[in-house]
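Taking it in order: structure first as structure tokens, then the write-up.
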Amino acid sequence: MKVLILGAGYGTRLEKDLKNDATGKYHHLIGVPKPLLPIGQYPLATHWLKDLADIKHIGGVYVVTNALNHSAFVAWASEWENVQLLCDGTTSNETRIGAVGCINLVVKHFNIQEDLLVIAGDTLFFHDVTLVDLIQAFQTFQHKDDKASMVVYVNCKDEEVHKYGILEVDESSRVTGFLEKPQSGETTSRKECPCFYFLSSHTLSLLSEFLEERKDQPLKARDATGNFIAFLSERKPVYATQISGRYDVGGLQSYIICNEHFQLEKR
């Protein structure tokens, strides 16, 4: 299995929050890409690498970056010999190729033909959620169907449904639908699905198909990774497993909450 951490986003909402922060306490974070934000003792992405280091059958870790922040990632990755970087060549949010485009770029560039774990660069899980357990859950689904992929979900509140991608699943935990930020009345599901996907090797060719089908649509249709999960679930088996919770470092307030939690864990 290979692992890809998405780090090519521009974090525009967080940047805006940081610049508008009247306290000035967090101004030193302006310009820091989200995967490299200090969370507790380590940069956000380092938490994932430390967890991955204990898993023997991980065959390599890739991080996709943009050109604007690439040098910062080069400095960070110098401490991790198993990490390979790939720059998408973009320099602004307006010229970004989108998250699905970045996944496909990495798959093509490194000729990945194994199962691929995709992790958003602004996400961390609660401490009771372990990669070992999630990999075991993925393997259990693959024993039933070797073409199976797996996503995770967190139960959210009614008033939060419109903020997230929402999974619909059947009694066997197979994904039957994915709604991107629906209104609460559009679905009875409250299964929020973060960008953390175990993609079967059998599904990777569908990335190009997805992008080709949407090449003339607005970037938003290609950027949101949940749109690919919706596309994928109509063509290949995708299963879901529940986790207790996650931190989504989208803005300053969510960064503060995440950082404070990990600082408390350090103590």
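The values are calculated or read from the model by the stated rules, or taken from the named source; none is laboratory data. If you're wondering where the values come from, they're calculated on a predicted model, not measured in any experiment. Note: ideal-geometry Cβ built from the backbone for every residue, glycine included; neighbour counts use all protein chains shown. Heavy atoms of the whole protein, side chains included, go into the accessibility calculation; ligands, DNA and RNA do not. Shrake-Rupley method; radii C 1.70, N 1.55, O 1.52, S 1.80 Å.
In region 77-90, the qualifying residues are those that are touching a Phe, Trp or Tyr at 6+ places or on another chain (Cβ under 9 Å) and farther than 13 Å from residue 4 by Cβ, and the one that is least open to solvent (accessible area, probe 1.4 Å) is 90.
Just to be sure, is residue 111 surrounded by fewer than 17 Cβ atoms within 10 Å (Cβ to Cβ) and within 30 Å of residue 261 (Cβ to Cβ)? Criteria not met by residue 111. Would you confirm, using the coordinates I've provided, whether residue 67 is assigned to a loop (DSSP other than H, G, I, E, B), among the small types (Gly, Ala, Ser), touching a residue at least 24 places away in the same chain (Cβ under 8 Å) and open to solvent by 20 Å² or more (accessible area, probe 1.4 Å)? Yes: the conditions hold for residue 67.
Residues in region 197-245 that are assigned to a helix (DSSP H, G or I), more than 14 Å from residue 176 (Cα to Cα) and not charged (D, E, K, R): 201, 202, 203, 206, 207, 208, 210, 211, 219, 221, 225. Note on region 134-144: among residues that are open to solvent by 40 Å² or more (accessible area, probe 1.4 Å) and at pLDDT 95 or above, the one that is farthest from residue 203 (Cα to Cα) is 136. Flag: residue 93 matches the condition of being open to solvent by 10 Å² or more (accessible area, probe 1.4 Å), under 19 Å from the mean Cα position of the chain (by Cα) and closer than 13 Å to residue 65 by Cα.
Let's see how each residue does on (1) open to solvent by 40 Å² or more (accessible area, probe 1.4 Å); (2) among the acidic types (Asp, Glu); (3) touching a Lys or Arg at 6+ places or on another chain (Cβ under 8 Å):
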site	(1), (2), (3)
1	no, no, no
5	no, no, no
9	yes, no, yes
13	yes, no, no
23	yes, no, no
31	yes, no, no
35	no, no, no
38	yes, no, no
41	yes, no, yes
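Rundown of residues vs (1) in a loop (DSSP other than H, G, I, E, B); (2) at positive phi, yes/no style:
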residue	(1), (2)
15	no, no
31	yes, yes
35	no, no
50	no, no
57	yes, no
76	no, no
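Kindly provide the set of residues from region 246-256 that are assigned to a helix (DSSP H, G or I) and either touching a strand residue (DSSP E or B) at 6+ places or on another chain (Cβ under 7 Å) or at positive phi (or both), ordered by number. 254, the sole residue that qualifies.
A search for C-beta distances below 7 Å between a residue of region 73-90 that is more than 17 Å from residue 60 (Cβ to Cβ) and any residue that is open to solvent by 50 Å² or more (accessible area, probe 1.4 Å) and assigned to a loop (DSSP other than H, G, I, E, B), counting only pairs 6+ apart in sequence or on different chains, returns 88/97; 90/96; 90/97. Remark: pairs (first residue in region 7-30, within 21 Å of residue 89 (Cα to Cα); second residue among the hydrophobic types (A, V, I, L, M, F, W, C) and open to solvent by 30 Å² or more (accessible area, probe 1.4 Å); Cβ separation under 7 Å; 6+ apart in sequence or on different chains) = 15/30.
Please indicate, with yes or no, whether at least one residue in region 218-239 is among the hydroxyl-bearing types (Ser, Thr, Tyr) and surrounded by fewer than 19 Cβ atoms within 10 Å (Cβ to Cβ). The answer is no, given that none of the residues of region 218-239 is among the hydroxyl-bearing types (Ser, Thr, Tyr) and surrounded by fewer than 19 Cβ atoms within 10 Å (Cβ to Cβ). When the residues of region 162-205 are filtered to those that are open to solvent by 10 Å² or more (accessible area, probe 1.4 Å) and of a type in the set (Phe, Trp, Tyr), the one that is farthest from residue 48 (Cα to Cα) is 178.
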